[in-house]
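Asks: The structure that follows is given in the form of structure tokens.
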Amino acid sequence: MKIIVNSSFLSEKNQILNMINDFDNTGLTLGNQKRNTIKIFNVNSKKINIKSFRTPTFFNSLIYNNFRKSKAQRSYEYANKLISLGIMTPSPIGYAQNSSLFRLKRSYYVSKHLDYDFTFREVSSDLSFDDSVNILKAFTRFTYKLHEKGVNFLDHSPGNTLIKKTNNNYDFYLVDLNRMAFTKMTLSSRIKNFSRLSHNKDIVKIMSSEYAKCIGVSSEVVFELMWEQVKIFRQKVNRKRKFKSLLKIS
């Protein structure tokens, strides 16, 4: 088992490794995870999260072991990159990988546990959530900050931003970090980055209006572009659902 931890957790390295080795039998499972599993552990009175990525397919296990960084390694490196850019994410601690000679078997990402108030998912479906308009505007400005810093968060979806409220301000923390691109963002890529966040037209109008102010473009133009990307994404989602339902029937 290969394990990398940052300098502030070197003294707990062996303890974290033992938790990973006994991951299936210990720890408190966090939420309902479909593909991967996140558990909470206590390390010297500190709460940490360990995310176990599901075992890759045979072909992917060869790719990750020999040609591409694992999801856990990318999560750790991207978290450090975000923090260096002034973008918040639960503090990265390290990652671990279990490999055979040619294949990656399992990988784990370790971070500090963050006690947050809610996720963007609670705000993304309708405007009934308390102070939703101000949250949406603040979140849009946060997304603009990502884009200005050259961060294309490819999994920018409702469950992947944790939100903490401090007085009347909202702090946003990105999670599920293994799919990112660090590059200059075009208007097209910026608008497309909103496509997964909500398919409620009123919410999209609020975000597009706030983003238009950030980039100095007409709010009508930004809304039309953003709504078109939302429709394209929803069409893809619906096609996938239909295909899966047909597979179940057959």
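Asks: Checking the cross-link filter: which aspartates and glutamates have an alpha carbon closer than 14 Å to that of Lys184, excluding same-chain neighbours under 8 positions apart?
Replies: Glu148
Asks: At a Förster distance of 22 Å, what's the computed FRET efficiency of Glu148 paired with Arg179, Cβ-Cβ distance as r, to 0.05?
Replies: For R0 = 22 Å, the calculated efficiency reads 0.65.
Asks: When the dipole is taken about the Cα centre of region 185-231, and only Lys, Arg (+1) and Asp, Glu (-1) are charged at their Cβ, what size is it in debye, to the nearest 20? Spell out each step's value before the answer.
Replies: On the way: 7 positive and 5 negative charges, 34 e Å.
That gives region 185-231 a dipole magnitude of about 160 debye.
Asks: Sticking with this structure for a sec: Under a Cβ-Cβ cut-off of 11 Å, what is the net charge of the residues other than Ser99 that fall near it, where Lys and Arg count +1 and Asp and Glu count -1?
Replies: Once all neighbours under 11 Å are counted, the net charge is +4.
Asks: On to the next question. Which whole-Hz ³J(HN,Hα) couplings does region 177-186 yield from phi under the Karplus relation 6.51 cos²θ - 1.76 cosθ + 1.60, θ = phi - 60°, glycine and proline marked x?
Replies: 9, 6, 10, 9, 10, 10, 7, 5, 8, 7
Asks: Under a 5 Å amide H to amide H cut-off, with H placed in plane at 1.01 Å, what residues pair with Val43 once short-range neighbours are removed?
Replies: For Val43, the qualifying residues are Ile48.
Asks: Hey, another quick one. How do Asp176, Asp130 line up, fewest other C-beta atoms within 10 Å first?
Replies: Asp130, Asp176
Asks: Here are some pairs, Lys71/Lys242; Lys149/Lys236; Lys205/Lys244; Lys137/Lys231; which of them have Cα atoms lying more than 25 Å apart in this structure?
Replies: Exceeds cut-off: Lys71/Lys242; Lys149/Lys236; Lys205/Lys244.
Asks: If you count, for each residue, the other Cβ atoms within 10 Å and average over each peptide, how do 42-48, 199-205 line up from highest to lowest?
Replies: Details: 42-48: 13.1, 199-205: 15.7.
Highest mean packing first, the order is 199-205, 42-48.
Asks: Can you order the peptides 29-40, 74-85 by their average number of other Cβ atoms within 10 Å per residue, highest first? Present the calculation step by step, with values, prior to reporting the outcome.
Replies: On the way: 29-40: 12.2, 74-85: 18.7.
The most tightly packed comes first, giving 74-85, 29-40.
Throughout, read-outs are computed from the coordinates displayed, never taken from laboratory work. Since the structure is predicted, the reported quantities are computational estimates derived from the model, not experimental observations. Note that each Cβ is placed from the backbone with ideal geometry, even for glycine, and that neighbours are counted across all protein chains shown.
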